[in-house]
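Below is one structure, written out as structure tokens; comments come after it.
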Amino acid sequence: MRTTQAKPGRVERRQRAAAEIHNMLADLYRGFVAWASLYGDTDGRYEQDQRERVTALIDHLSNGYLARSMWLEPGARKKIEEFIEMSEDFYSRFCADIEERGYAKTRKRMTNRVSRQLRSLRKVAESSLKEDPEAPRRLRWRMRLQRF
């Protein structure tokens, strides 16, 4: 009796989608870190550049994620969507705080929130991309079929 195997194309597409989303998550997180750590930005030029970069990275992740989400497990999708939602919320709050108080007063708050909350959420989302709950199950089925 022959063993059942997963289609290699599907596995490769899932791995490629997970790797691309992983890179987008890391890029967005790095964008937030760079935006929150601009020391000595007196004229606001660099702050504005970083703000625009974060906007572009949020759009890139949102649009890129939607096209690749079909290859991910439901748990991974949920964690990535939470990260996107938190990123959009942080962006809105940071922009409002900067407009109200100025970048110099908002920067420390941004740094703390990004490093504590967004980093942990990113790590959870990335770890869910590495997990493949179907792989062990398939392996067990193959092992059962090979016994016969």
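If you scan segment 51-72, which residues turn out to be among the small types (Gly, Ala, Ser) and either modelled with pLDDT under 95 or more than 26 Å from Gly102 (Cβ to Cβ) (or both)?
Selection gives Ser62, Gly64, Ala67, Ser69.
Can you find even one residue in segment 119-132 that is exposed (fewer than 14 other Cβ atoms within 10 Å of the Cβ) and modelled with pLDDT under 85?
yes
The conditions are (1) under 24 Å from Ala17 (Cβ atoms); (2) at pLDDT 95 or above; (3) buried (at least 18 other Cβ atoms within 10 Å of the Cβ), and Glu88 fails exactly one of them. Which is it?
(3)
The values are calculated or read from the model by the stated rules, or taken from the named source; none is laboratory data. Keep in mind the model is a prediction, meaning the values are calculated, not measured. FYI the Cβ positions are ideal-geometry reconstructions off the backbone, even for glycines, and counts take in every protein chain you see.
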